[in-house]
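Structure record follows, encoded as structure tokens.
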Amino acid sequence: MLIGSAVLMSLHAPSARADAADPTAEDHRPPETIVIGLDLSQSNPLVASQDYASSVAGYIGDEVMIRTLGTYSGAENGLRIDRDVSSEPEEKPAAVADLVRSIIGNVPTLVHEGRLDVQDRTNIIAFLDNVSQLVDCRDRDTTIILVSDGIEDSEYARLIEPGSSLPSTDAIFRDCGTLEIIGLGQGSKSPSLTEHLRSEWDRWAKEAGFREFSGLNSW
């Protein structure tokens, strides 16, 4: 329902290993970028529930690189950590993954301590529009994972309202891989709302150019 800021984690991963039948073979597929946005809205259990945060951290524990984005103005966000895993020594990705797990798992504590600000608006579309300016799927295939209830609440749409819908979009993520929302409808206690959210974001993702959409209420 309410978002305002998001933590954006960007993984520039090396391409997948070559065919297992020939582990020495060179893999010419382009590397992948994974972007993770953490919804810091009041309605998202991530900001208050340690059990929920720990569960999410375990689910996406392999993602490694971190940046922060926030409200539409962005004034409240200063954290910025970038790593290119493909250029790191072999042991570094595991260490960075541990760091990411720690940050996600400690979001409730960071909020309680005032180190992350809970916001009162949901600007998921604006957040994704900003991300689209940073990625190029012709160069690196891109997956975007949002840990969010998915309830857009902005000048674009208020998905909590009956009959509401997301606006149409241009193909700003043409040829990109997957848009995944983890925790879709969490906190609303409404299966029908979750179904509506999944339908709307599936449509939007396909219009935007993603090859796939996944909306998980639980996992």
Exercise. Has the stretch 176-195 got any residue that is farther than 30 Å from Q50 by Cα and either surrounded by 16 or more Cβ atoms within 10 Å (Cβ to Cβ) or among the aromatic types (F, W, Y) (or both)?
Worked result: yes
Exercise. Only one residue in R203, R198 is more than 20 Å from L46 (Cβ to Cβ) and not polar (S, T, N, Q). Which one?
Worked result: R203
Seminar exercise, completed: Flagged in the stretch 103-145 as of a type in the set (S, T, N, Q), in contact (Cβ under 8 Å) with a residue 12 or more places away in the chain and either touching a strand residue (DSSP E or B) at 6+ places or on another chain (Cβ under 6 Å) or surrounded by fewer than 18 Cβ atoms within 10 Å (Cβ to Cβ) (or both), in numbering order, are T109, T122, N130, T142, T143
Problem set entry | Only listed residue being among the hydroxyl-bearing types (S, T, Y) and in contact with a strand residue (DSSP E or B) (Cβ under 6 Å, 6 or more places away or on another chain), chosen from S148, S188 | S148
Exercise. Is the stretch 189-202 home to any residue that is in contact with a helix residue (DSSP H, G or I) (Cβ under 8 Å, 6 or more places away or on another chain) and not β-branched (V, I, T)?
Worked result: no
For this session: Scan the helices (runs of 4 or more DSSP H) fully inside the stretch 92-186 and keep the ones with 1 or more residues being at pLDDT below 90 and among the basic types (K, R).
Result: 92-105
For this session: Tell me which residues, restricted to the stretch 26-81, are more than 21 Å from I151 (Cβ to Cβ), modelled with pLDDT of 80 or more and aliphatic (A, V, I, L, M).
Result: A57
Exercise. What are the residues in the stretch 191-219 that are of a type in the set (A, V, I, L, M), in a helix (DSSP H, G or I) and touching a Leu at 6+ places or on another chain (Cβ under 7 Å), if any?
Worked result: L197, A205
Exercise. What's the number of the condition Y156 fails, among (1) surrounded by fewer than 16 Cβ atoms within 10 Å (Cβ to Cβ); (2) over 18 Å from the mean Cα position of the chain (by Cα)?
Worked result: (1)
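The values are calculated or read from the model by the stated rules, or taken from the named source; none is laboratory data. If you're wondering where the values come from, they're calculated on a predicted model, not measured in any experiment. We place every Cβ from the backbone using ideal geometry, glycine too, and count neighbours over all the protein chains shown.
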